[in-house]
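Taking it in order: structure first as structure tokens, then the write-up.
The values are calculated or read from the model by the stated rules, or taken from the named source; none is laboratory data. Since this is a predicted model, take the numbers as computed values, not measurements. Ideal geometry is used to build each Cβ from the backbone, glycine not excepted, and the neighbour counts take in all protein chains shown. Just so you know, the surface numbers come from the protein's heavy atoms only, side chains and all, with ligands and any DNA or RNA stripped out. Shrake-Rupley method; radii C 1.70, N 1.55, O 1.52, S 1.80 Å.
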Amino acid sequence: MAVKISVSVKGQLGLDDPDRMLGELAAETGLTWHRREVEEDGVLTGGIVEIILVAVVGKATEMTVTAAVDAAKHVVERWRGERLDPLDTSVDTEPDPGTTGQDG
């Protein structure tokens, strides 16, 4: 069964930050990541926003999933360290039974 890795990022983001984050996660984990923005009423572009970055590890060993999660956490900690007001972040995993077992 595939495992979905979700990185939630909430805070003051620049316009280019989500794309940069996707690129860094892909480079560090070797996975294909997708972005989903969380809709909140009254939020203007450039304000505090929340995005969720998602990747699926298919038919992988526990070691591969662990390595991907560790790499994602490393990238997230680097983002937090770059800001005076750190982002509110989390890295979570869950089974993804709706996939065919391929990355992406």
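Tabulated data for the structure shown
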read-out	value
Answer residue from the stretch 79-104, given it is modelled with pLDDT of 80 or more and in contact with a helix residue (DSSP H, G or I) (Cβ under 8 Å, 6 or more places away or on another chain) and is most open to solvent (accessible area, probe 1.4 Å) among those	T93
Within the stretch 7-32, tally of residues that are open to solvent by 20 Å² or more (accessible area, probe 1.4 Å) and closer than 21 Å to P86 by Cβ	13
Filter pass, A55 being modelled with pLDDT under 80 and either open to solvent by 20 Å² or more (accessible area, probe 1.4 Å) or not basic (K, R) (or both)	no
